[in-house]
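*Asks:* Dumping the structure here so I can ask a few things about it.
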Amino acid sequence: MRRKTPYPYWFVAPAAIIFTVLFTIPTVTSLYFALTRWDLFSQTFIGFDNFVQFFREPGLTRGLINTVIFAGLTSGLKTVLGLLLAVLLTAGIFAQGFLRAVVFFPVLVSTIGVGLTFTELMHPTDGAINMGLSFFGIDGPGWLTNPDLALISVALVDVWRGVGLATLIYIAGLASISPEYYEAARMDGATRLQQYWRVTVPLVRPATTTVILLSLIGGMRLFDLIWAMTRGGPGFSSDVLASVIYKQYQAGFYGLSTAGNVILFILIGVLVMPLVYWLNRREVDL
Amino acid sequence: MARVELHDIRKSFGKVEVIHGIDLTIEDGEFCVFVGPSGCGKSTLLRIISGLEEQTSGRIEIDGRDVGNLEPVERDIAMVFQSYALYPHLTVGENIGFGLSLARKPKAEIAEAVNRVAETLQLGHLLDRRPKELSGGQRQRVAIGRAIVRDPKVFLFDEPLSNLDAALRSQMRIELTDLHAQLGSTMIYVTHDQVEAMTMADKIVVLKDGAIEQVGTPMELYDKPATPFVAGFIGSPKMNLFDGDVAAQKGCEVYGIRPEHIRLTDDGDWHGRVRLVERLGADTIVHAEMETFGPMIIRTDGQSELREGREIRAAPMPEREFRFGKS
C-alpha cells in the first residue's frame, strides 16, 4: 500500500492560502457582518433584521428587480449581437481585420470614460443623439432623465461597451467549427439561413454558454457604468443592487450594505448555477 | 442512369493551376476510384464534381446535363466526407434525415426513409444515439446513410476510410463494395491508398500533379502500367524501378520488376545480400542489396528461412519485366 505523504499539499498551499485570505475569510466575515449593525469600532448582532429591512424598503427591492432586468437585457443583447457580428466578421468581408478591431475597441476603454461620454451624448437637449434625431424631425427622449428609460439607456451603453468581447468569444467559437459541417449542409441543400440556424447556432453553443454566463454575472455585478451615468436616478429608477449597496455604505449602514452584498452573492448563485447546469447539458463536443 | 463526364476541367487557385485539363467519363453504375499521392488534385477534382469547388474552366455533365454552374444539391449527388461531418448535436436518426428535413419533407416520410436506410446499414438500434456514442465504423455507416437517404444519382467519397484502423478499414471496404453492388449507383471514391483502389474499383484513375496519369481497371493498371509512376504506385510492395546504367543495359529509360515477379533461385543471374527480412505470415518481404542494381525488394513465400546478411541469387520472371521510355 502506498504511504500518504504531505508532499503534494505543498503545491496546493500557495493557491489555498491566497484563496482563503482573499475569498473565504472575507466571505465568511461578510456573512457575519450582514447579521450585525456595525461601524468601524463596534458591532451589534441583530439576526436577519438587515435582510428583512432590505426586502421591506421599496427603493431597495427596486434595485434587486432592476439588477435582474439589467443583467437579462444586456446578456441577451450581447449574446444575439455578438453572434451576428462574429458571423459577419468571419465571412471574409472587406476590411474584416479593421472592423474586428473597431468592434473590440470599446472593451478597452475605461468604463467611467464611456459613461461620461455617453452621458453627454444622451443629454436631452444638447446631446449628439437627440440633435441627430431632431435632424430627421424626431423629438428624442430624455435618455437618462426619463425614469422609464434610464435603466435601458445604460443597458444599451453596456451592450455597446461589452459586445466586442462577446464577438471575440464567438469568433473563436466559429473558428472551431469544421468547414465540412457547412459543406455537408450545402450538399444536403441547406440555404445560408438554414446553415446559420441548423449548423452555426447549435455548434457554437460552447461559446454561447461562455458569453451568457460572463455577461449575466457581469451585468448583475455592474456598478461603475450606472454610477457614472445616472447614480441610480432619476429617483431610484435605475438603481441596481451594486449602487444600492454603495449608497447604503455611504450613508453609514454598513450592516445593511453587507446584507445587500450577501443577497447579490446568493442571487448570482441562484440564477447562474441552474443556468450552467442547463447550458452544459445542451453543449456539444465538436 | 448517371453517367459523369468531365471535359477539359481546369482549376486554378490564383495564378497556380492545380488541375490541368482533365477529360474523363465515368459510366453509369461504375465504382471509380481517384488515386494518387497527396497534392495530386484528386480531392479538388472530387469537390469540383460535387459543386463545392468551382472549376476555372471546362464542362461537367451528369447524364448529359451540364451541371457545372449548379449548386451541389441541384446536381443530385451526395458526398461522404473524410471526417464524416456528422452533426454532434443531432441523433443518428436526425443526422440521416437531415437533408430531408431541410427540404421540409413530411415527418412520416422522413421517418420511413430513415428507417429504410437504417435497416440497409444495420443502424436501427443506434438511431437515438449521438455521434460521439458511436464507434468509428458506426459513424462511417451513418455518414453513408446520410448520403443514400436522398437516393442520389452519384455518390462521392472523400477518403472515407482514412480515419479507421486497419482491421475496420478492411471490413468497411467489403461493406462499401457490397453497398455498391446493392445500390448499383455510380460512385466516385478518392483515396491515396492503392489497396483500397485495387480492391474496390471498377475503374481506377491515377492522378499526378493535377493530370491523369492512366485510367483503367485495377488489373490493367497492375499488368500494363503506362508510366513508371503508375507502375510504382499500383502494387504493394511497390515495383522495383531502375534507371541509369541498369535501364540502359535493358534497352530502356526505366526498367521495372515487381517484388512478386522475382524468383530466388540458385542459378539466378542477379546476386546480392539480404539486408532486412519482413515476415508477414503468408509472404516474406526481402530487402536486398544487389550487385549492379542496388536496393531491391523481393517477395517470397512466408515459410522462407532467409536471414539478414545471407547471400542470395535471383532472377526475374521474363514475361513480367517492364521497360519504360522516358518517364
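The values are calculated or read from the model by the stated rules, or taken from the named source; none is laboratory data. Bear in mind that the values here come from a model prediction, so they are computed numbers and not experimental data. Glycine gets a Cβ as well: all are built from the backbone with ideal geometry, and neighbour counts include every protein chain shown.
*Asks:* I need the helices (runs of 4 or more DSSP H) fully contained in segment B:204-291, keeping only those with at least 2 residues that are out of contact with any Asp or Glu (no Cβ under 9 Å at 6 or more places or on another chain) and closer than 29 Å to B:S304 by Cα.
*Replies:* B:218-223, B:228-233
*Asks:* Can you name the residue in segment A:163-183 that is in a helix (DSSP H, G or I) and of a type in the set (G, A, S) and is also farthest from the chain's Cα centre (by Cα) among such residues?
*Replies:* Result: A:A175.
*Asks:* Next question. Could you figure out which of (1) more than 16 Å from B:F155 (Cβ to Cβ); (2) surrounded by 21 or more Cβ atoms within 10 Å (Cβ to Cβ) isn't true of B:E54?
*Replies:* (2)
*Asks:* In addition: For segment B:45-56, what are the residues that are away from chain A (no Cβ under 12 Å) and within 27 Å of B:I96 (Cβ to Cβ)?
*Replies:* The answer is B:I48, and nothing else.
*Asks:* Here are some conditions: (1) under 26 Å from A:R198 (Cβ atoms); (2) crowded, with 19+ Cβ neighbours inside 10 Å; (3) within 14 Å of chain A (Cβ to nearest Cβ); (4) among the hydrophobic types (A, V, I, L, M, F, W, C). B:I188 meets all but one. Which one does it not meet?
*Replies:* (1)
*Asks:* Please work out which residue is nearest to the other protein chains (Cβ to nearest Cβ), limiting yourself to segment A:169-225 and to residues that are surrounded by fewer than 22 Cβ atoms within 10 Å (Cβ to Cβ), under 29 Å from A:G269 (Cα atoms) and of a type in the set (G, A, S).
*Replies:* Of everything passing the filter in segment A:169-225, A:A172 is nearest to the other protein chains (Cβ to nearest Cβ).
*Asks:* Here's something else I'd like to know. Suppose we keep only residues that are facing chain A (nearest Cβ under 10 Å) and buried (at least 16 other Cβ atoms within 10 Å of the Cβ) within segment B:57-75. Which one would you say is farthest from A:R205 (Cα to Cα)?
*Replies:* This residue is B:R75.
*Asks:* Oh, and also: If you go through segment A:240-286, how many residues are in contact with a helix residue (DSSP H, G or I) (Cβ under 7 Å, 6 or more places away or on another chain) and charged (D, E, K, R)?
*Replies:* 3
*Asks:* From the list B:D28, B:D23, exactly one residue is part of a loop (DSSP other than H, G, I, E, B), of a type outside the set (V, I, T) and either on the phi > 0 side of the Ramachandran plot or within 20 Å of the chain's Cα centre (by Cα) (or both). Which is it?
*Replies:* B:D28 is the lone residue from the list that is part of a loop (DSSP other than H, G, I, E, B), of a type outside the set (V, I, T) and either on the phi > 0 side of the Ramachandran plot or within 20 Å of the chain's Cα centre (by Cα) (or both).
*Asks:* Which of (1) within 14 Å of chain A (Cβ to nearest Cβ); (2) outside any strand (DSSP E or B) does B:A78 not meet, given it meets every other one?
*Replies:* Here B:A78 meets the rest and fails (2).
*Asks:* On the given criteria, is A:L60 at pLDDT below 90 and of a type in the set (A, V, I, L, M)?
*Replies:* Spelling it out, A:L60 is indeed at pLDDT below 90 and of a type in the set (A, V, I, L, M).
*Asks:* Looking at B:I60, B:I26, B:I49, which one is within 30 Å of B:A231 (Cα to Cα) and touching a Cys at 6+ places or on another chain (Cβ under 6 Å)?
*Replies:* B:I26
*Asks:* Additional query: Can you confirm whether A:R186 is assigned to a helix (DSSP H, G or I), of a type in the set (K, R) and either in contact (Cβ under 8 Å) with a residue 60 or more places away in the chain or over 30 Å from B:V154 (Cβ atoms) (or both)?
*Replies:* no
*Asks:* Going through segment B:139-167 one residue at a time, which ones are surrounded by fewer than 17 Cβ atoms within 10 Å (Cβ to Cβ) and over 22 Å from B:S38 (Cα atoms)?
*Replies:* B:D151, B:A167
*Asks:* Scan segment B:154-173 and tell me whether some residue there is touching a strand residue (DSSP E or B) at 6+ places or on another chain (Cβ under 9 Å), acidic (D, E) and either within 14 Å of chain A (Cβ to nearest Cβ) or part of a helix (DSSP H, G or I) (or both).
*Replies:* Yes, segment B:154-173 has at least one match.
*Asks:* Which residues, counting only those in segment A:121-132, are among the hydrophobic types (A, V, I, L, M, F, W, C) and under 17 Å from A:W160 (Cβ atoms)?
*Replies:* A:L121, A:M122, A:A128, A:I129
*Asks:* Still on this structure, please answer the following. How many of the residues in segment A:121-157 are more than 25 Å from the chain's Cα centre (by Cα), part of a loop (DSSP other than H, G, I, E, B) and of a type in the set (F, W, Y)?
*Replies:* 1
*Asks:* Would you check if there is a residue in segment B:104-127 being outside any helix (DSSP H, G or I), under 23 Å from the mean Cα position of the chain (by Cα) and away from chain A (no Cβ under 12 Å)?
*Replies:* For segment B:104-127, residues outside any helix (DSSP H, G or I), under 23 Å from the mean Cα position of the chain (by Cα) and away from chain A (no Cβ under 12 Å): present.
*Asks:* Quick one: in segment B:129-154, of everything that is aliphatic (A, V, I, L, M) and without any contact (Cβ under 8 Å) to a residue 60 or more places away in the chain, which residue is nearest to B:G64 (Cα to Cα)?
*Replies:* The qualifying residue nearest to B:G64 (Cα to Cα) is B:V149.
*Asks:* Related question: Which of the numbered conditions does B:S12 fail, given that it passes all the others? Conditions: (1) of a type in the set (S, T, N, Q); (2) over 22 Å from B:D66 (Cβ atoms); (3) part of a strand (DSSP E or B).
*Replies:* (2)
*Asks:* Quick one: is A:G232 surrounded by fewer than 16 Cβ atoms within 10 Å (Cβ to Cβ), in contact (Cβ under 8 Å) with a residue 24 or more places away in the chain, more than 14 Å from the chain's Cα centre (by Cα) and not in a helix (DSSP H, G or I)?
*Replies:* No; evaluated as a whole, the condition is false for this residue.
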